[in-house]
Amino acid sequence: MPAKSTAKRFSAPKPTPGGSRAVRSSGPVVESPDAVPHDYIGYEGPAAEGAAVALMRRSLIFNLVTLTNKVTSASSRILLSRFGVGSASARVMRVLRLEPDCLPSRMCEVTTMDKSIVSRTLNVLEGQGYVRRRTDPKDPRRQLWSLTPDGDALLEAILIRAEERQQLLLQGMNEAEIVALFSLLGRLQDNVQLLLGHTPEGRPALRGGKVTPKSRG
């Protein structure tokens with residue numbers, strides 16, 4: 001007979017007079033916080049809200065998604081109220097400053113936005129006078145996009161505000177921690193390709209404010 005586990009188990013909350021039911025496990029029994037798989041929640045139901053949140057906060061993906069949603073939402077509000085453009089516009093404009101005469105397909109690669117979103121964003125920015133297009137002399141079917149002087153000036157103001165927001169996010173971290181953070185983020189970007197079934201080769205990325213060109217290897 002196998003030895004009985006002596007690991008401490010989480011206790012499910014008891015039903016309350018208000019009708020909350022006891023929590024049941026939706027997967028394998030979690031015996032201790034250290035045994036929680038990286039992306040496993042394990043509990044469900046209103047009575048388990050505290051335990052569920054605690055477990056979700058141990059999930060890397062949950063933390064990344066939550067942080068991204070909060071930062072994107074806050075950034076969009078600031079951009080729209082102060083500059084009249086959204087976060088998608090700011091991302092496209094940043095790419096155009098780094099890579100003038102850029103193709104929409106390249107913008108999709110670098111920003112990871114869908115082609116339809118990039119197309120709509122370019123049309124809006126063009127109507128606002130912040131970007132312009134010209135026909136590719138090598139291929140009349142293709143359009144090359146660049147910032148206008150007004151667009152470049154707007155982006156400069158946006159980047160100043162972005163730097164201020166970044167400093168707020170990094171508050172309390174020393175230089176070594178910040179360097180380590182960006183190193184880990186770069187490795188996570190590489191490893192995302194493993195989730196998609198691809199290798200990191202050919203992945204476009206923004207690192208240190210510069211666009212890493214796609215490998216031609």
Matching residues in the range 75-93 (in contact with a helix residue (DSSP H, G or I) (Cβ under 8 Å, 6 or more places away or on another chain), in a helix (DSSP H, G or I) and surrounded by 13 or more Cβ atoms within 10 Å (Cβ to Cβ)) number 12
| message | Take Asp114 and tell me if it is acidic (Asp, Glu) and modelled with pLDDT under 80. | response | no
Those residues of the range 115-127 which are surrounded by fewer than 15 Cβ atoms within 10 Å (Cβ to Cβ) and out of contact with any helix residue (DSSP H, G or I) (no Cβ under 7 Å at 6 or more places or on another chain) amount to Ser116, Arg120, Asn123, Gly127
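Within the range 179-198, does at least one residue satisfy the condition of being outside any helix (DSSP H, G or I), surrounded by 13 or more Cβ atoms within 10 Å (Cβ to Cβ) and modelled with pLDDT of 90 or more?
Step one: list which residues in the range 179-198 are outside any helix (DSSP H, G or I), which gives 196-198.
Cutting the leftovers down to surrounded by 13 or more Cβ atoms within 10 Å (Cβ to Cβ) gives us none.
Looking through the range 179-198, none of the residues is outside any helix (DSSP H, G or I), surrounded by 13 or more Cβ atoms within 10 Å (Cβ to Cβ) and modelled with pLDDT of 90 or more.
Given Arg161, Arg203, Arg207, which one is modelled with pLDDT under 90, surrounded by 10 or more Cβ atoms within 10 Å (Cβ to Cβ) and farther than 28 Å from Ser105 by Cβ?
Details: Arg203 fails: farther than 28 Å from Ser105 by Cβ; Arg207 fails: farther than 28 Å from Ser105 by Cβ.
Within the list Arg161, Arg203, Arg207, the selection yields Arg161.
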Being in a strand (DSSP E or B), more than 13 Å from Ala90 (Cα to Cα), of a type in the set (Ser, Thr, Tyr) and at pLDDT 95 or above narrows Ser119, Ser146 down to just Ser146
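Can you tell me which residue is modelled with the lowest pLDDT among those in the range 48-74 that are outside any helix (DSSP H, G or I) and surrounded by 12 or more Cβ atoms within 10 Å (Cβ to Cβ)?
Arg58
The values are calculated or read from the model by the stated rules, or taken from the named source; none is laboratory data. Not measured: the values here are computed from a predicted model. No Cβ is skipped: glycine too gets one built from the backbone with ideal geometry, and neighbour counts run over all protein chains shown.
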